[in-house]
Structures are given as structure tokens and as C-alpha cells.
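The values are calculated or read from the model by the stated rules, or taken from the named source; none is laboratory data. Source: prediction; values computed, not measured. Positions of Cβ are generated from backbone atoms using ideal geometry, with glycine treated the same way; all protein chains shown enter the neighbour counts. Heads up: the accessible areas ignore ligands, DNA and RNA and are worked out on the full protein's heavy atoms, side chains in. Shrake-Rupley method; radii C 1.70, N 1.55, O 1.52, S 1.80 Å.
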Amino acid sequence: MAAEDQSQTSQSDLPYVLILKPPPSFVLFGDHFFHSPNFQYLKAYESPLPLPHFLHTHARSVQALLSSGGAPVTADTIRLLPRLGLVVTTSQGLNHIDLSECRRRGIAVAGAGTIFSADCADSAVGLLIDVLRKISAANRYVKQGLWSSQGIYPLGYKLGGKHVGIVGLGSIGTEVAKRLEPFGCSISYNSRSKKPLVPYTFYPNVVELAANCDALIICCALTDETHHLISKEALLALGKDGVIINIARGPIIDEKELVHCLVKGEIRGAGLDVFEHEPDVPVELFALDNVVMSPHNAVFTRESFDDLCKLVVGNLEAFFSNEPLLTPVALDDLPHFSGRKD
Amino acid sequence: MESIGVLLACPMNSYLEQQLDKRFKLYRFWTVPDKSSFLASHKDSIQAVVGNAAAGADAELIEALPKLEIVASFSVGLDKIDLTKCKEKGIRVTNTPDVLTEDVADLAIGLMLAVLRKLCESDRYVRSGKWKRGDYVLTTKFTGKKVGIIGLGRIGMAIAKRAEAFSCPISYYSRTEKPEIKYKYYPSVVELAAHCDILVVACPLTKETHHIINREVINAMGPKGVLINIGRGPHVDEPELVSALVERRLGGAGLDVFENEPYVPEELFGLDNVVLLPHVGSGTVETRQAMADLVIGNLEAHFQKKPLLTPVV
């Protein structure tokens, strides 16, 4: 099925990959990096037609869909694409895809696999050290010229010896644990089920985990069960010396309660890459020196981008040549995803 | 021991100051109107000096205090103490090793992550309120980067151990190669610099290591190289470093120490690939308390004629 020279082969011979909205990596880096001689992109966002009209027009040609967090793949969308056989996502999270509908229709899903795990884990550890040691706050202090005028900066808190609780011990959670061990942290976790071969302490629920650790790191998927998993109760259990780091999804934490706890000093600090209503961030956080924030960019490194290009193209090419997908998502044991927008 | 005179070189820690005040006759050097007349009038009352990374006991001070028996440093670095003079006069010297190793190593890794992953810049970006979907801050992956360590002592080894968990290949430069260490050794800093992505200064400051990071080393690091300094400011030729960063001949820097603290070259303030910290390597509540306890412990041991806890001389 390979088309050696695209200019010689008619464009209409190449199978279509539908894109509803450009993924962040298309915008940031350019879609030419995702080019393949074996398929072509059908960009709904470049059409003057309203989306439902566009989908009706092209429905029969679309066998694959390239998705990202900002473009949910709902049951409604899926129903408009009778020939859809594959959804590929550029994101780590899957909460924007109606996986049950995909399973029902026999549509395969290809995810990011573990290509982002190292970067996510690095972000989590970086944010944790930043919050405890006040790196961003102290950097601001120096760059405003305050060290020479106002003197010694307030002390931070030691990471060594702290109890770190990981919420969700999947690929990312495991990488976080691995990195924190040589810092002298003791690791415990909460996950849907206890993992038998893991040397860390398991807690059956998040409140107990929070009560027994100094830092909570959120590494789990956003599902109906994990929505607002970190509630007021969990935050109060974490306590005044506790820190929370979220590199997963904003809605896993009850953001209103989090802001309240931070403003009132009920917890020591937070490192947040994700928020409930991105790109809106609660303004109360801007006044706090014990909060470190990033614009949902934990996976946006040049290196991960390179890996992502290869993976996306690889999965699509595999699909169109009837080869096994590189990073198929198992659809048989699904937690509940409502296909809610990321 | 309330009659024993202790000279505290500069403000360093209120818990330490409190404890010294309780146990000894404490003189706060920075509060006297005229230092030389103070020394002249109090020379027979001072038996101990407590210093830190900023101020210690140089030859001049030692000569001015004939009753000086011990210099206890609230630091592990000894560059502010004239060790030769102390040895000559039989003055004991103590520092605070081990208790601060982890914090300094943690900060080194924190700086690497902050520089490569632009944590401070990302935070600034969100705080500016200008985050719109589609605008992201692009960064460099830390996992797997080659880390080169200058000085493989306690702190250097602790940094290596941590970086290894991020799959970073480790190499080092030391005065002598350590055959029992599995990391790759380079016989010169320039060679080390040429073969790593991130270069960390973790050695003591001595005459030999002064400006160990010079133009040649910076050139060898190249436009993607990142320098992390958790040692002492004078390890780096600061004007050379500043021009390399401003001219983008060096990829980035994470600096906790400077040649003339608390003054930091303002040309660095606007650079998003540079993270600047106010000498906080050991700056945690837990560690400063442990350091203070060690200083007090050493002083008490000395004046009770017991073995010193962490003697250097």
C-alpha cells in the first residue's frame, strides 16, 4: 500500500485520518512532522463547513481519527463515522474518548503508551522539590533584586525522609517512585487494586494515604471514580505540613477546596500542572508563594515530541497495513470514562 | 560556660543565636560600631568564633584574638577559614558535614529540573494570567541527560545517586581517579565539560579550584550545555559565565552561589534559561537545626574537654 512518490499517486488513493481540532503538537511544532506517504489528514478545522455538515460529507471516507485532549471523541461523533476503525490520541490521558462506545463498535484505540512517563515523572519530582525548597519563589526574589536589599530568604523544607503517597501506581506513578527512592523518601500508594510485587505500602483509600504521608502525588487517570477524588477530607488529612502535586488531570482534585486549603494554610503547598478549567486558573493562587504552577506542559519536551511523531505515524501506518498497533489500549477492563472533555 | 566568649561572625540562624546566647557570652560581630576597636578591647574575652559560608576566621581575625581556641563553622565549606593559621596556632576547627549532604544534592537536582524543564518560567507564565490554550512553554527532557560532576565527595556522590534514578549517565572529574567508582572519569574539567549535557560543581573551594569554570570550560560545554553551581561562587569566573549566557553561547545555568553574595549580576535577571537562588543549599528548617546542634555540640565538647564531634583541624 506504500505510495513512493506522493506527487505521482493520486491523493484520493490515500486513506484518510480525520482531525477535528489540531493537537497541541501540530500547533507547537508543525504538522509536517506527522506526515506519512501512506495516509493523508482530513482537517475538519480547515474547512469552512460547520462540523456536523463536514462529518456528514466525509463520513464514509474516514477509517481513522487523530484526537487530542481538546477534541473529545464522543459517542455522537463516533456514530457519524460508520467506517471508523481506529482512534489515535496524542495525549497521555484517555478521559476525552468514549472508550465504551469504541469497544461496542469494535473501534481500536491507540494511546501514548509509556513515551510520556519519564517526562511526567520528572515534572512531578521537579514540582515537589520546587515547592519544598521554594525554588521558583526564591528565583523570583533574587531576580527582583531583593536578596541584596532584603536579605536572607526564608527556609524551605527537607525532602529526604519524607513519606510520599502516590495516587495511581501505573507507569507514571512507578517512574515517580523510582526517582524519589534515592532522595530517601519512603513511598506508599493508593491504586484501584494492590500491586503484589511492589515494595511500597498500599493504602486502600486516598484519605488514609493522605493521613500517612507528607506529600501526595497524583498520577492516576481521570475517570468517573476519580473525579474529585482529592476532596476536602483528603486535603485536611494531608494536613498543614502536607504538599500536593498534580500532573494528572485537574478534576481529580476538588479545586475550590484546594484553593481554600492553600489560602487558609491547611496544607503546606502545591505543585500543579493541571487545573479544572484550563486555561483558567484560580486567581487566589497567584498571590501564593507556596504554589508552583505550569501550563499543562509536563509532556512538552522536544524529545517527547520526537517520540510522539514516530508513535502516531507508526500506529496509523500499522493500522492501514493491517499490522498490530504499537500502543493499543486494552478496552476489556474499562473504568468508567464518560468521554468528558479534558 | 556562660563566661566563655563566643564571637558570632554574622547573622546566620536565630535558633543557633538563641542557643549560643543561652550557653555562652555571645558577641554579635555585625552589631559593633567599630570592628577593630571592638577586637582590641575584647581580645582576651573571645575563645571561640562561629562562622559560615559568608564570614569565618581569616588570618587577621585569628591574629587579633590571642585567646581563640576553636572556630566552629555553620557550613561544610571551609574556604572562609585560614586553616593553615589555625593549625599553626593549635586552634581547633569544626564544620557541619553529612547533615546537609542530602539537602544540597536535592537542590542540585531541583536546579537541573528547574532549568531544563523551565519550571520557574512556566510558573511565571501562568501567574501572568496570559495562558491561552495552544500556548505552551516548550522544554528539554531531563531523563537520560549526561551529568558531569566536579568533585565526587559526599555531595557529589549524593547527586550522582539521585541522577542515576533518572537514567542519567554519570561522569566526573576529581583530583584523582577513584577506581572503586563505576562512573566514567575524565582527567580534566574541560574534557568532562565536552562530554556531558549538565555540569555540576560539587567540590570544595581551594586555591586550585578557584575559577575552575572558566572560558575554556564554558566553550567546551557549548550552546546546549547547562551549568549547575551548588559549590561556591568563586568556583566560576562569573563575568565569563554572564557573557556566555547573555550571548547564548551556553544553554543555561542553575546557580545557588555567586562571587559577591548577595550581589547577583543583573544581566542574568531577564534570562529564562537561568535559575538564581540566594544560597539556600542547606536552607531547610530541618537541616539548619541539625547544623546548629552540631555547632553547639562541638563547642560544648571542646570546652568540656571531650572529643570534638566533627573536627577538621
Within the range B:178-211, can you find the residues that are over 24 Å from residue B:255 (Cβ atoms) and basic (Lys, Arg)? B:178, B:182, B:184
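Condition check ((1) of a type in the set (Asp, Glu); (2) open to solvent by less than 40 Å² (accessible area, probe 1.4 Å); (3) not in a loop (DSSP other than H, G, I, E, B)) across all residues:
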site	(1), (2), (3)
B:163	no, yes, yes
B:178	no, no, no
B:187	no, no, no
B:203	no, yes, no
Name the strands (runs of 3 or more DSSP E) wholly within the range A:238-331 that hold at least 3 residues that are out of contact with any Gly (no Cβ under 7 Å at 6 or more places or on another chain) and modelled with pLDDT of 95 or more? A:269-272
I'd like to check something: does the range A:156-170 contain any residue that is within 25 Å of residue B:265 (Cβ to Cβ) and in the same structural domain as residue A:234 (by TED's automatic domain parsing)? yes
Cross-chain or 6+ apart pairs with Cβ under 7 Å, the range B:244-265 first and part of a helix (DSSP H, G or I), then of a type in the set (Asp, Glu) and open to solvent by 10 Å² or more (accessible area, probe 1.4 Å): B:246/B:267
Scanning the range A:144-170 for residues that are of a type in the set (Gly, Ala, Ser), within 13 Å of another protein chain (Cβ to nearest Cβ) and in contact (Cβ under 8 Å) with a residue 12 or more places away in the chain, which turns out surrounded by the fewest Cβ atoms within 10 Å (Cβ to Cβ)? A:161
Step by step: first the residues of the range B:80-115, then only those that are open to solvent by less than 10 Å² (accessible area, probe 1.4 Å) and polar (S, T, N, Q), then the one that is farthest from residue A:297 (Cα to Cα). Which residue is that? B:94
Within 7 Å of chain B (Cβ to nearest Cβ) and either open to solvent by 40 Å² or more (accessible area, probe 1.4 Å) or modelled with pLDDT under 95 (or both) - does that describe any residue in the range A:186-201? no
Count, please, the residues in the range B:131-167 that happen to be over 22 Å from residue A:131 (Cα atoms) and more than 23 Å from the chain's Cα centre (by Cα). 7
Only one residue in A:114, A:74 is of a type in the set (Ser, Thr, Tyr) and over 16 Å from the mean Cα position of the chain (by Cα). Which one? A:74
Here are the criteria: (1) surrounded by 24 or more Cβ atoms within 10 Å (Cβ to Cβ); (2) of a type in the set (Ser, Thr, Tyr); (3) without any contact (Cβ under 8 Å) to a residue 24 or more places away in the chain. Tell me which single one residue A:57 does not satisfy. (1)
Are there any pairs with C-beta distances below 7 angstrom linking a residue in the range A:291-303 that is within 16 Å of residue A:125 (Cβ to Cβ) to a residue that is aromatic (Phe, Trp, Tyr) and modelled with pLDDT of 95 or more, with the two at least 6 apart or on different chains, and if so which? A:299/A:116
Restricting attention to the range B:136-161, the residues that are touching a Cys at 6+ places or on another chain (Cβ under 6 Å), without any contact (Cβ under 8 Å) to a residue 60 or more places away in the chain, away from chain A (no Cβ under 13 Å) and surrounded by fewer than 23 Cβ atoms within 10 Å (Cβ to Cβ) number exactly 1
Within the range B:123-135, is even one residue under 19 Å from residue B:268 (Cβ atoms), facing chain A (nearest Cβ under 7 Å) and open to solvent by less than 30 Å² (accessible area, probe 1.4 Å)? yes
Taking the range B:271-313 only, how many residues are part of a loop (DSSP other than H, G, I, E, B) and either open to solvent by 70 Å² or more (accessible area, probe 1.4 Å) or more than 14 Å from every other protein chain (Cβ to nearest Cβ) (or both)? 9
Within the group A:281, A:299, A:292, which residue is among the β-branched types (Val, Ile, Thr), more than 7 Å from chain B (Cβ to nearest Cβ) and touching a helix residue (DSSP H, G or I) at 6+ places or on another chain (Cβ under 9 Å)? A:299
Taking the residues in the range B:165-176 that are among the polar types (S, T, N, Q) and open to solvent by 20 Å² or more (accessible area, probe 1.4 Å) as candidates, determine which candidate is farthest from the other protein chains (Cβ to nearest Cβ). B:176
